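Enquirer: Dumping the structure here so I can ask a few things about it.
The values are calculated or read from the model by the stated rules, or taken from the named source; none is laboratory data. Note that this is a predicted model, so its numbers are computed, not measured. No Cβ is skipped: glycine too gets one built from the backbone with ideal geometry, and neighbour counts run over all protein chains shown. These accessible areas exclude ligands, DNA and RNA; they are computed on the full protein's heavy atoms, side chains included. Shrake-Rupley method; radii C 1.70, N 1.55, O 1.52, S 1.80 Å.
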Protein chains: 2
Amino acid sequence: MAYPQKSFSKTSFPESSFVSRRRQVVYDNTLLYQLNVLKTTGRYDAFKLKWHSSYNDKPDVWPVPNHLFWDSDVAKWIEGACYFLQWKENSEIDAAVRELVDMIRSAQQPDGYLNIHFTVVEPEKRFTNLRDLHELYNAGHLIEAALAHNEHYQNDLLLEPILNYIDLLCKTFGPEPQQKHGYPGHPEIELALLRLYEKTKTPEHLALARYFIEERGNPTGQDGKHYYDVEGEARGDRENERPVYWPANRSYWYQQAHKPIIEQETIEGHSVRAMYLLTAAADLVRLEATNSKPMKDALERLWSNMTDRKMYLTGGIGSQKQWEGFGIDYFLPSSTDEGGCYAETCAAIGVMMLAERLLQLDLDGKYGDIMELCFYNAVMTGMSATGKQFTYVNQLASSDTDLSKRAEWFTCACCPPNVTRLLGYIGGYLWNYDVRDEKSVQINVHMFSSATLSIPVSGNALELEQESNWPWEGKVKFSLRNTSNVWTTIKVRIPSWAETWEITPKLTNPQLEKGYLTIPADWVNSNPSFELNIPLKPRFISPHPYTNQDIVALARGPLVYCVEDFDNAWVEDHFKSLVLDPSSIVDETQVSEKELGEPYVALTVQGVPYFLDVDRNKAQRGPFGSVAYKQTKVIESLRFIPYALRDNRGGKGHMRLGIRRKH
Amino acid sequence: MAYPQKSFSKTSFPESSFVSRRRQVVYDNTLLYQLNVLKTTGRYDAFKLKWHSSYNDKPDVWPVPNHLFWDSDVAKWIEGACYFLQWKENSEIDAAVRELVDMIRSAQQPDGYLNIHFTVVEPEKRFTNLRDLHELYNAGHLIEAALAHNEHYQNDLLLEPILNYIDLLCKTFGPEPQQKHGYPGHPEIELALLRLYEKTKTPEHLALARYFIEERGNPTGQDGKHYYDVEGEARGDRENERPVYWPANRSYWYQQAHKPIIEQETIEGHSVRAMYLLTAAADLVRLEATNSKPMKDALERLWSNMTDRKMYLTGGIGSQKQWEGFGIDYFLPSSTDEGGCYAETCAAIGVMMLAERLLQLDLDGKYGDIMELCFYNAVMTGMSATGKQFTYVNQLASSDTDLSKRAEWFTCACCPPNVTRLLGYIGGYLWNYDVRDEKSVQINVHMFSSATLSIPVSGNALELEQESNWPWEGKVKFSLRNTSNVWTTIKVRIPSWAETWEITPKLTNPQLEKGYLTIPADWVNSNPSFELNIPLKPRFISPHPYTNQDIVALARGPLVYCVEDFDNAWVEDHFKSLVLDPSSIVDETQVSEKELGEPYVALTVQGVPYFLDVDRNKAQRGPFGSVAYKQTKVIESLRFIPYALRDNRGGKGHMRLGIRRKH
């Protein structure tokens, strides 16, 4: 097994699939679009360590300066760019990466320190606010950029300064009395250090990652107190002076630092931080198989809590805007005007990261299902078909204050480059494999597309190809090219939503365990080409009744659908009064629309739809009365489009995914 | 028309009615119980201005010292005690009132100032934090106590020092350059000043009340800025140092000071503050009939927003714990574990206050309906049958963290004495009247009970008696004793929930306007005894569908019912998985239980109840699947009890009012 950021290079995509079309858009448009934004906003030149006028701006989110993430914006772009350059060269992107790397090298301080804000703006405040200021988070993204850069350029131009910086961090943080017993408020460096350790095998890199993970939430870590308390006192913070994102004083659960990870019973706080932290924790469990049971138990517990009680129908997580994160169990409103819905794009990318790591620990379809759900819905809805517009928040319904509209950029621009880099290494999510010795291989197929995995075994390339028009069609043709006669077992995920499935030629006595179908090596030997067929039919889905969301949504395969005003122009209330009968007849239509970049399957619910008779319900003065419905004859049907494809064709931004259920 | 705090003395109650039994409990138990609490906690002696050890305590709710309300705790008890002493003398209560008044007189400072905290603890901080510290709120309650005291004792022993204090306030606050352009964070003094003005006719009292009401929310009131900004800067507050109850900086909507009242479109913030403020605004509209249209429009707009979109089935208001107040439109979860439910007892008392004032402006049953709904549910549930236990928060369902249990007292003890004083002057809510000249009277009957209203007209007492076992029976017998042949029109509220009603003898051509039935004077003249009969039948009620609360509750007459574990001992999940079919057959049972102090009507839903099959729904992993039900044969029926009577018989504290609806 390996990190998808590395293994992705073994996967190639032909030109016509959902995944390859999205990758092409990023290569053609997004990377250069984002490079241009980096340049015009000042980010590109920031490692020159000159003053930028925006450094005077008041923070939008106190106490976090708006430019605090600039290091990571650059790093994530470099990382994504290097993944794509491995696929296809591009001289403009290549030149930019080289120039940025030069600037980063020149920004390093004599002692190894490397951070824009704490060199240019507040050099005296280095490592004085790990809790709120993204100093170590930025370091983590620099590590990830350096690893991607090293892989593509096969030189140490970026890795070298980063290793120097990490040396400084290894000296600064740790359990020794003279070291700071702190850890970052926004996890990221943990998972980056573990990836770095895979490359360097330097024990200090592993040790620092382990320290950050295990020390987190220690109530008596520094001078008998919580590290963040000691740090705050040293800064002269007042007791009731609290960050914008904290509803109450000492809301350390926001940072998942309210208690050690292994003691956490429920998933809390900022959802991206939680996902990055648990991804690192899962990597640590994999690396340190012994003594890791409490951490593995915590991972399973927190995963279950999240997916059973705190995840939207789209795979999105986080309903609370103030802390960009999780609410209480089953608190999953659809929109701002119903109590909140956040579902940040980065958070869903984080769920995919965690799911992929958990699949390496335990091949269970429950992880694969969620990984695919997130990719096709909560993540892919984050970028327009043009690759030039993005979302940060992904609500399940629009409202007057939060229309279903993408933006061109964000002050805190974490999401756009995160989508870029994900699509850069998406091949690593499709499948993973284990070469047991030079004679046997196991390939686990998690997601479907048209793609070829090429594994070097015994000096030859073992190739597994899948051909599919997934997610639009449910037929997947597998072909194994096995010139060295390697004993190849293939495990294929059967999605839990699949009502039926079929393997051709017929597999006698099929073994389906925890959502993965085993295709035995001997069978593959005699059937190197076989076909999986999962009929894709529209189905109604709904959340747990304890969510108090009495809604139904339409899904087909891994895609969840929504209604938009573009197709249903009569809407004036964000479909809030629309009701849907889950016994309705649903038709499929193949659609080609220029704006969407690819043909798709639209769904149409036939029949005159019903609406809540809101006036009549209002006349009964809220507290009393019962629900009344009405119909409007001019509307003859409801048209649905995949949520991932919303807001690509104009319109006024009215959209809804979960429709009130008609009883 | 007059204030109910004054007019109540015209109403007498016979011994056996719901209202009179509650009043008897307060007279027998609550007043002395609360007096004892005042003594043991230090409140009683606090006006001696000695240091109390608790003054060293850290605030539970920064920046509000825990003892900051002690002035008002004492004042509200005096006020309530004086109402009850007008009914029946009691030497112990009388002696305590006299001693407290002596202490309050002795606490007054040479310049008229009168406040415990700002005399003993922080004398240098007088009037430096109107926003958070309840200095003027306490002054308001002292005014109300003084008025009640004056009415009962017919002397100025308490009124005198209070008038001196008000003189100081009139000098300190106002529009003149040398005056502070501030107003209290917690309204109360506004309504008290208007009541005071009714007695004193001193123009400065009216002017100060008007100033506090109209200046509120002025964005440029002090030195071109918001008063609270200027005050905060003068204190040296830091920008991000914010009170515990503020989710964000400058949450002035918490104090209804985000904009002038007449510009407010929706009801926001702390619910008690909102009700006290609008009650005063309604009084101001009544007093100043000209130029008051914008304020009257605001009152109607905010009332509609509250009752249509932000009120629970019980009449409770406020779903948000952090600011003890309103959420967004239609955000009305039942309990902590579903997103919050506050419904503070004092807030529902405030709704009754506001409703009563609005009825004086506009005789509309929509106000009377809500006044009665609040009284019989959200307010009366606030006190135990013994009169010695109280609630602050009144959720519609219990949860493991918030059981359905009353407490003996609170650090912030606003609610218990508020119930006491309300029951002291409840007679003033039953009806109001208008003596047009010495020959014609209009009596408006808002609520039913056994009670006699005695109005002096033309030197004789005009008496209207109602005899009823309301809320248990729907028959109300009216008798007018009219020795002076005063032309008496009676308007009787017909509750909006009444399916049918009947007047005997038959009223030909009955006129029902905005929920009030006119019994014309000539008809009353020939029918001085008549009977109103409103059949009370169990009915199912439900909130507006936009609340996303797919629940039904049982009601009968003005009472809303709940299920408790005492009657349904099998419950283990706070009835969260219970579902209820609103077409079920419901039986009534007359019940007498010693703990409840009075016979009541219980309701029983016949048939084996259904439950959500939670395990099966969970197995489908939250986001997917549809609702499954199950039955448990050992449970044969569901027993309901009025919400007002919950938690009087022991049990483990599992309770629910709105039951998930079975489809």
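Enquirer: Of everything in segment B:298-312 that's under 15 Å from the mean Cα position of the chain (by Cα) and within 17 Å of B:GLN256 (Cα to Cα), which residue is nearest to the other protein chains (Cβ to nearest Cβ)?
Expert: Going through segment B:298-312, the residues under 15 Å from the mean Cα position of the chain (by Cα) turn out to be B:303, B:306-307, B:311-312.
Retained after the next criterion (residues that are within 17 Å of B:GLN256 (Cα to Cα)): B:303, B:306.
On the way: B:TRP303: 11, B:MET306: 10 Å.
Checked segment B:298-312; the qualifying residue nearest to the other protein chains (Cβ to nearest Cβ) is B:MET306.
Let's see how each residue does on (1) under 30 Å from B:GLU598 (Cα atoms); (2) of a type outside the set (Val, Ile, Thr); (3) open to solvent by less than 20 Å² (accessible area, probe 1.4 Å):
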| position | (1), (2), (3) |
| --- | --- |
| B:SER7 | yes, yes, yes |
| B:VAL19 | yes, no, yes |
| B:LEU31 | yes, yes, yes |
| B:VAL37 | yes, no, yes |
| B:PHE47 | no, yes, yes |
| B:TYR55 | no, yes, yes |
| B:ASP60 | no, yes, no |
| B:VAL64 | no, no, yes |
| B:ASP71 | no, yes, yes |
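Enquirer: Looking at segment B:461-473, which of its residues are buried (at least 17 other Cβ atoms within 10 Å of the Cβ) and either outside any loop (DSSP other than H, G, I, E, B) or of a type in the set (A, V, I, L, M) (or both)? Explain how you work it out, then say what you get.
Expert: Kept after step one, since they are buried (at least 17 other Cβ atoms within 10 Å of the Cβ), are these residues of segment B:461-473: B:462, B:464-468, B:470-472.
Within segment B:461-473, B:LEU462, B:LEU464, B:GLU465, B:GLN466, B:GLU467, B:SER468 meet the criteria.
Enquirer: Here's another thing I want to ask about it. Could you count how many residues in segment A:230-247 are within 20 Å of A:PRO59 (Cα to Cα) and out of contact with any Ser or Thr (no Cβ under 9 Å at 6 or more places or on another chain)? Break it down stepwise before answering.
Expert: So the first thing to find is which residues in segment A:230-247 are within 20 Å of A:PRO59 (Cα to Cα), and the list is A:232, A:235-238, A:240-247.
Still in the list and also out of contact with any Ser or Thr (no Cβ under 9 Å at 6 or more places or on another chain): A:232, A:236-238, A:240-241, A:244, A:246-247.
Of the residues in segment A:230-247, 9 are within 20 Å of A:PRO59 (Cα to Cα) and out of contact with any Ser or Thr (no Cβ under 9 Å at 6 or more places or on another chain).
Enquirer: Another question, then. Given the structure, is A:SER292 small (Gly, Ala, Ser) and either open to solvent by 40 Å² or more (accessible area, probe 1.4 Å) or within 14 Å of chain B (Cβ to nearest Cβ) (or both)? First the steps, then the outcome.
Expert: Details: small (Gly, Ala, Ser): yes; either open to solvent by 40 Å² or more (accessible area, probe 1.4 Å) or within 14 Å of chain B (Cβ to nearest Cβ) (or both): no.
Judged against the criteria, A:SER292 is not a match.
Enquirer: Any residue at all in segment A:344-360 that is of a type outside the set (A, V, I, L, M) and touching a Leu at 6+ places or on another chain (Cβ under 7 Å)?
Expert: Step one: filter segment A:344-360 for residues of a type outside the set (A, V, I, L, M), giving A:344-346, A:350, A:356-357, A:360.
If we keep only those that are touching a Leu at 6+ places or on another chain (Cβ under 7 Å) as well, we get none.
So far as segment A:344-360 goes, no, none of its residues is of a type outside the set (A, V, I, L, M) and touching a Leu at 6+ places or on another chain (Cβ under 7 Å).
Enquirer: What is the number of the single condition among (1) away from chain B (no Cβ under 13 Å); (2) within 24 Å of the chain's Cα centre (by Cα); (3) more than 25 Å from A:ILE551 (Cβ to Cβ) that A:TYR245 does not meet?
Expert: A:TYR245 satisfies every listed condition except (1).
Enquirer: Something else now. When both residues are 6+ apart or on different chains and their Cβ atoms are under 6 Å apart, which pairs have a first residue that lies in segment B:255-284 and is farther than 22 Å from B:LEU206 by Cα, and a second that is among the polar types (S, T, N, Q)?
Expert: Cβ pairs passing all conditions: B:THR266/B:ASN305; B:ILE267/B:ASN305; B:GLY269/B:GLN256.
Enquirer: So in segment B:320-346, with the set limited to residues that are under 16 Å from the mean Cα position of the chain (by Cα) and of a type in the set (Gly, Ala, Ser), which one is nearest to the other protein chains (Cβ to nearest Cβ)?
Expert: Going through the qualifying residues, I end up with B:ALA343.
Enquirer: OK, next. Which strands (runs of 3 or more DSSP E) does segment A:341-460 wholly contain that include 1 or more residues that are without any contact (Cβ under 8 Å) to a residue 40 or more places away in the chain?
Expert: A:431-435, A:451-457
Enquirer: Cβ contacts < 6 Å: first residue more than 16 Å from A:VAL476 (Cβ to Cβ), restricted to segment A:517-540; second residue of a type in the set (Ser, Thr, Tyr), any location; separation 6+ or different chain. Result?
Expert: Sorted first by the residue in segment A:517-540, then by its partner, the pairs are A:ALA521/A:THR488; A:ALA521/A:THR489.
Enquirer: Those residues that are aliphatic (A, V, I, L, M), in a loop (DSSP other than H, G, I, E, B) and touching a residue at least 24 places away in the same chain (Cβ under 8 Å), I need them from segment B:311-328; list them, please.
Expert: Taking segment B:311-328 first, the residues aliphatic (A, V, I, L, M) are B:311, B:313, B:317, B:328.
From what's left, in a loop (DSSP other than H, G, I, E, B): B:313, B:328.
Within segment B:311-328, just B:LEU313 meets the criteria.
Enquirer: Could you check segment B:287-310 and list, in sequence order, the residues that are of a type in the set (Lys, Arg), out of contact with any helix residue (DSSP H, G or I) (no Cβ under 6 Å at 6 or more places or on another chain), in a helix (DSSP H, G or I) and touching a residue at least 40 places away in the same chain (Cβ under 8 Å)? I'd like the intermediate steps shown before the answer.
Expert: Filtering segment B:287-310 down to residues of a type in the set (Lys, Arg) leaves B:293, B:296, B:301, B:309-310.
Imposing the further condition that a residue be out of contact with any helix residue (DSSP H, G or I) (no Cβ under 6 Å at 6 or more places or on another chain) reduces the set to B:293, B:301, B:309-310.
Now restrict to residues that are in a helix (DSSP H, G or I): B:293, B:301, B:309.
Listed by number, the list holds a single entry, B:ARG309.
Enquirer: Report whether or not A:SER251 is small (Gly, Ala, Ser) and within 22 Å of A:ASN418 (Cα to Cα).
Expert: Working: small (Gly, Ala, Ser): yes; within 22 Å of A:ASN418 (Cα to Cα): no.
No; evaluated as a whole, the condition is false for this residue.
Enquirer: Taking A:GLU79 as the residue in question, decide whether it is more than 14 Å from chain B (Cβ to nearest Cβ), more than 15 Å from A:PRO161 (Cα to Cα), at pLDDT 95 or above and surrounded by fewer than 24 Cβ atoms within 10 Å (Cβ to Cβ).
Expert: Numbers: more than 14 Å from chain B (Cβ to nearest Cβ): yes; more than 15 Å from A:PRO161 (Cα to Cα): yes; at pLDDT 95 or above: yes; surrounded by fewer than 24 Cβ atoms within 10 Å (Cβ to Cβ): no.
No: the conditions fail for A:GLU79.
Enquirer: Additional query: If you go through segment B:118-138 one residue at a time, how many are over 27 Å from the mean Cα position of the chain (by Cα) and in contact (Cβ under 8 Å) with a residue 24 or more places away in the chain? Spell out the reasoning first.
Expert: Keep residues of segment B:118-138 that are over 27 Å from the mean Cα position of the chain (by Cα), which gives B:118-128.
From what's left, in contact (Cβ under 8 Å) with a residue 24 or more places away in the chain: B:119-121, B:127-128.
Selection size over segment B:118-138: 5.
Enquirer: Would it be correct to say that A:TYR228 is within 14 Å of chain B (Cβ to nearest Cβ), surrounded by 18 or more Cβ atoms within 10 Å (Cβ to Cβ) and either over 24 Å from the mean Cα position of the chain (by Cα) or within 23 Å of A:ASN305 (Cα to Cα) (or both)?
Expert: Working: within 14 Å of chain B (Cβ to nearest Cβ): no; surrounded by 18 or more Cβ atoms within 10 Å (Cβ to Cβ): yes; either over 24 Å from the mean Cα position of the chain (by Cα) or within 23 Å of A:ASN305 (Cα to Cα) (or both): yes.
The answer is no for A:TYR228.
Enquirer: Among B:VAL272, B:VAL244, which is open to solvent by less than 20 Å² (accessible area, probe 1.4 Å) and at pLDDT 95 or above? Talk me through it step by step, then tell me what you get.
Expert: Working: B:VAL244 fails: open to solvent by less than 20 Å² (accessible area, probe 1.4 Å).
Unique residue meeting the criteria: B:VAL272.
Enquirer: Any residue that is over 19 Å from B:LEU208 (Cβ atoms), touching a strand residue (DSSP E or B) at 6+ places or on another chain (Cβ under 7 Å) and of a type outside the set (Lys, Arg) - is there at least one of those in segment B:113-132?
Expert: Checking segment B:113-132: at least one residue is over 19 Å from B:LEU208 (Cβ atoms), touching a strand residue (DSSP E or B) at 6+ places or on another chain (Cβ under 7 Å) and of a type outside the set (Lys, Arg).
Enquirer: Within segment B:39-76, which residues are within 14 Å of chain A (Cβ to nearest Cβ) and among the aromatic types (Phe, Trp, Tyr)?
Expert: B:TRP62
Enquirer: Further, regarding this structure: Take segment A:537-573 and flag every residue that is open to solvent by less than 30 Å² (accessible area, probe 1.4 Å), more than 8 Å from chain B (Cβ to nearest Cβ) and assigned to a loop (DSSP other than H, G, I, E, B).
Expert: Scanning segment A:537-573 gives A:GLY557, A:PRO558, A:ASP565, A:ASN568, A:VAL571.
Enquirer: Identify the single condition in (1) within 18 Å of A:VAL272 (Cα to Cα); (2) free of Cβ contacts under 8 Å to residues at least 40 places away in the same chain; (3) not small (Gly, Ala, Ser) that A:HIS141 does not satisfy, given that it satisfies every other one.
Expert: (2)
Enquirer: Which ranges mark the strands (runs of 3 or more DSSP E) fully within segment B:576-639 that have 1 or more residues being modelled with pLDDT of 95 or more, more than 14 Å from every other protein chain (Cβ to nearest Cβ) and open to solvent by 10 Å² or more (accessible area, probe 1.4 Å)? Outline the logic, then answer.
Expert: On the way: elements: B:578-580, B:586-591, B:600-606, B:610-612, B:629-631.
In segment B:576-639, B:586-591, B:600-606 are the strands (runs of 3 or more DSSP E) which contain 1 or more residues that are modelled with pLDDT of 95 or more, more than 14 Å from every other protein chain (Cβ to nearest Cβ) and open to solvent by 10 Å² or more (accessible area, probe 1.4 Å).
Enquirer: Right, here's the next one. Test A:ILE519 against the stated conditions and say whether it is over 15 Å from A:LEU657 (Cβ atoms) and open to solvent by less than 20 Å² (accessible area, probe 1.4 Å).
Expert: Details: over 15 Å from A:LEU657 (Cβ atoms): yes; open to solvent by less than 20 Å² (accessible area, probe 1.4 Å): yes.
Spelling it out, A:ILE519 is indeed over 15 Å from A:LEU657 (Cβ atoms) and open to solvent by less than 20 Å² (accessible area, probe 1.4 Å).
Enquirer: Quick check on this structure: which one of B:LYS439, B:LYS477 is open to solvent by 10 Å² or more (accessible area, probe 1.4 Å) and within 30 Å of B:GLN590 (Cα to Cα)?
Expert: Values: B:LYS439 fails: within 30 Å of B:GLN590 (Cα to Cα).
The match here is B:LYS477.
Enquirer: May I pose another question? Return yes when B:ASP111 is open to solvent by 50 Å² or more (accessible area, probe 1.4 Å) and within 30 Å of B:ASP223 (Cα to Cα) and no when it is not. Steps first, answer last, please.
Expert: Numbers: open to solvent by 50 Å² or more (accessible area, probe 1.4 Å): yes; within 30 Å of B:ASP223 (Cα to Cα): yes.
Judged against the criteria, B:ASP111 is a match.
Enquirer: Quick one: which residue in A:PHE173, A:PHE212 is in contact with a Lys or Arg (Cβ under 6 Å, 6 or more places away or on another chain) and among the aromatic types (Phe, Trp, Tyr)? Full working, then the answer.
Expert: On the way: A:PHE212 fails: in contact with a Lys or Arg (Cβ under 6 Å, 6 or more places away or on another chain).
Sole residue among the options that is in contact with a Lys or Arg (Cβ under 6 Å, 6 or more places away or on another chain) and among the aromatic types (Phe, Trp, Tyr): A:PHE173.
Enquirer: A further question follows. What is the one condition in (1) closer than 13 Å to A:ARG216 by Cα; (2) open to solvent by 20 Å² or more (accessible area, probe 1.4 Å); (3) within 14 Å of chain B (Cβ to nearest Cβ) that A:TYR254 does not satisfy?
Expert: Evaluating A:TYR254 over (1) closer than 13 Å to A:ARG216 by Cα; (2) open to solvent by 20 Å² or more (accessible area, probe 1.4 Å); (3) within 14 Å of chain B (Cβ to nearest Cβ) leaves (2) as the failure.
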